[in-house]
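Report on one structure; see the data block that follows.
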Amino acid sequence: MKKQLLALAATLAVSASALAADIKLVVNPDQPGPVIHRNIYGQFAEHLGTGIYEGMWVGPDSKIPNVRGWRKDVVGALKDLKVPLVRWPGGCFADEYHWREGIGPRNKRPVKVNYNWGGVPENNAVGTHEFFDLADQLGAETYVNGNLGTGTPQEMAEWLEYMTSEGNSTLAQLRRKNGRDKPFRVHYFAIGNENWGCGGNMRPEYYVDLYKHWASFLRTPENNRPVFIASGGHDARTDWTEALIKGIKGVPFNAISHHGYTLPTGKWEGKGAAVGFGEDQWISTLAHTQKIDEWVRKNTAIMDQHDPSKKVGFYFDEWGSWYDPEPGSNPGFLVQRNTLRDALLAALHFNVFHANAERVKMSNVAQMVNVLQAMILTSKDKFVLTPTYHAFALYTPFQDATSLPASIENNPVYKVGATQMPALNVTAARGKDGKLYVGLVNANATQGAELTLQVGAKTPKAVKGKLLTAGAMDAQNELGKPAQVVPVAFEAQAVDGKLTLKLPAKSIVVVAVEG
Ligand code: AHR
């Protein structure tokens, strides 16, 4: 009986929202925008908690099935997700990482203390060779984050030489002795991380001078030159972007890194719980994404003044939810549950990045496994795919797709207390396969929405794709209950010249448009 009442309530909610005004989604197929770079779907893997050790790396002698130390199950699931790029080794960890400690026989590598993350031992089992092997197994591009905070220009230059040199220098020979004949392909290289904070508490002007100094000595063969990334600001700040884009001249400089996390309360002390939250924190979390759009636009507007031909990229290379740590866990390990809310949060981020794809050519979710807004949670030899994983999976057709303008007429307002946001959020693109894709988020936790779809002046015949939703705002996948939040088929056909999409409350829909 309770179930029937709930179903009736949901139907009434859809009908009520439809009555309010005709909601119309219009996609314009004739005005292609920039390509949505696949690296917008990049991932971040730091030496932090069980993100790498246990979560992905178990070592070649482990009973857990692995390929040269990397877990088969986890890597297989990430491969299915078409992870295009991995950023490593940090984060804050990067500015205390000394690459020489992570090469050569693993049993001879020094054991250090991971001061940033829980003060636990770091045995350096995963180093340069292991990272490139992971990227190889995933078929992903590589993003290496260099150490500016506690390193030297010489150490950084020598790391690049070690990775990329084709010749017979002592460093190239050392790489060969360690098992790698050909140079590694370094696609992206960052000079420091969060140098306004854990990377050295610097002023942007000071960092600009250091960047120019260090970048002057970073040499690689022409055919293996990475995209050089300067460490930028965070959140709403624009001072770093401004200082970098104005000040860095005469040295390789291809992109600015920017970070922004979502905290339900907006406060670092008492961020908000990952599960068991109310609708107030559902909406505060999702509404935050609108701010990210504003942050990106403010920063890129400054870049436009100094770099009108948009040569320098704006990479949002750390983003995601950050909640109070899971009770009973090491707070330095940043363990948190992952729910339907995280899936919607991810989709809203994708829509923002698509809308800013002219400059935003990379973004990295923090982080890949077991840390913050992870794709996968592991426990010993078991693992579960999170709702965030499924949001990424739904959006894979957007990798390297060409963005298209899309707008929603009569978008309902979703309001809880003093917080409000548009209920519906959309993105559209022409995929590499030639199909037109639409991604939609209904942020409203209690009301569904009906909208008609128009492509140019035409009504398409049908849409077919996937829907992600669940009964509860904090529905999650757990070991033993791995399918609480999983995509299901979604389709709609035109009737009497109208194609109506019925979105349930708190849902994501990605469809290919037919006809
Ligand atoms: O992702 C966790 C941490 O957040 C990263 O190490 C750091 O760059 C950021 O502050």
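Computed from phi, the 3J(HN,Hα) profile of the range 65-73 under the Karplus parametrisation 6.51, -1.76, 1.60 (θ = phi - 60°) reads x, 8, 10, 6, x, 8, 4, 5, 5 Hz, with x in place of Gly and Pro. Under 5 Å from the amide H of ILE23 lie the amide H atoms of THR452, each residue being 5 or more positions distant or on a separate chain, with H modelled from the backbone and absent for Pro and chain starts. The distance between label points at GLU294 and LYS182 comes to 4.9 nm (points 7 Å beyond Cα on the Cα→Cβ vector). For the pair ALA418 and LEU174 in one chain, pulling the backbone fully straight at 0.36 nm per residue adds 81.7 nm over the alpha carbon distance.
Farthest towards the positive end of the charge dipole of the chain, among the residues VAL113, GLY497, LEU340, is the Cα of GLY497, using unit charges on the Cβ of Lys, Arg, Asp and Glu.
Charges only on Cβ, +1 for Lys and Arg, -1 for Asp and Glu: so what's the dipole of the chain about the Cα centre, in debye to the nearest 20?
For this selection, approximately 900 debye.
Taking a straight Cα-Cα cut-off under 16 Å and skipping sequence neighbours fewer than 8 places away in the same chain, the aspartates and glutamates within cross-link reach of LYS311 are GLU242, GLU358.
Quick one: work out Rg over Rh on the C-alpha atoms of the range 137-183, Rh as Kirkwood radius.
Rg/Rh for the range 137-183 comes to 1.02.
Could you name the aspartates and glutamates whose alpha carbon sits less than 14 Å from that of LYS502, not counting residues in the same chain fewer than 8 places away? Leaving aside aspartates and glutamates fewer than 8 places away in the same chain, those within reach of LYS502 are ASP22, GLU450, GLU491.
Pairs spanning more than 19 Å between alpha-carbon atoms, out of LYS435/LYS461; LYS415/LYS464; LYS112/LYS182; LYS79/LYS112; LYS63/LYS177; LYS246/LYS298: LYS415/LYS464; LYS112/LYS182; LYS79/LYS112; LYS63/LYS177. In the full protein context, the range 101-243 carries 42 Å² of accessible surface per residue, based on a 1.4 Å probe and ignoring ligands, DNA and RNA.
Taken along its principal axes, the alpha carbon cloud of the range 144-280 reaches lengths of 61, 37, 25 Å, longest axis first.
The trypsin sites (Lys or Arg not before Pro) of the range 443-515 meeting both criteria, a DSSP state outside H, G, I, E and B (loop) and at most 13 other C-beta atoms within 10 angstrom of the site's C-beta, are LYS461. Exposed loop sites here are GluC sites (Glu not before Pro) assigned a DSSP state other than H, G, I, E or B and surrounded by at most 14 other beta carbons within 10 Å; excluding them, the longest clear run of the chain is 270-515.
When the solvent-accessible area of the chain is split by element, carbon and sulfur atoms take up 53 percent of it, the probe being 1.4 Å. Sorting CYS92, CYS198 by accessible area puts them as CYS198, CYS92; the probe is 1.4 Å, largest comes first, and only protein heavy atoms count.
Normalised Debye scattering of the range 358-439 at q = 0.15, 0.16, 0.22, 0.23 Å⁻¹ gives log10 I(q)/I(0) of -0.82, -0.89, -1.08, -1.09, counting only Cα atoms as equal scatterers and leaving out solvent. Around the amide H of VAL35, modelled in the peptide plane, lie the amide H atoms of SER403, all under 5 Å away and 5 or more residues distant in sequence or on another chain.
The residues of the range 330-385 have, on average, 23 Å² of accessible surface per residue, using a 1.4 Å probe with all protein chains present. Based on alpha carbons, the Rg and Dmax found for the chain are 23.2, 77 Å.
Cross-link reach is defined here as a Cα-Cα straight distance under 18 Å, omitting same-chain residues fewer than 8 places apart; for LYS249 the aspartates and glutamates meeting it are GLU205, ASP209, ASP239, ASP304, ASP307. Skipping prolines and chain starts, which residues have an amide H placed within reach, meaning under 5 Å, of the one on ASN66, given they are 5 or more residues away or on another chain? Placed amide hydrogens put LYS72 under 5 Å from ASN66.
The values are calculated or read from the model by the stated rules, or taken from the named source; none is laboratory data. In this text the structure is predicted, and so the values were computed from the model without any measurement. All Cβ positions, even for glycine, are placed from backbone atoms using ideal geometry, and neighbour counts span all protein chains on display. Surface accessibility is based on the protein's heavy atoms, side chains included, excluding ligands, DNA and RNA. Shrake-Rupley method; radii C 1.70, N 1.55, O 1.52, S 1.80 Å.
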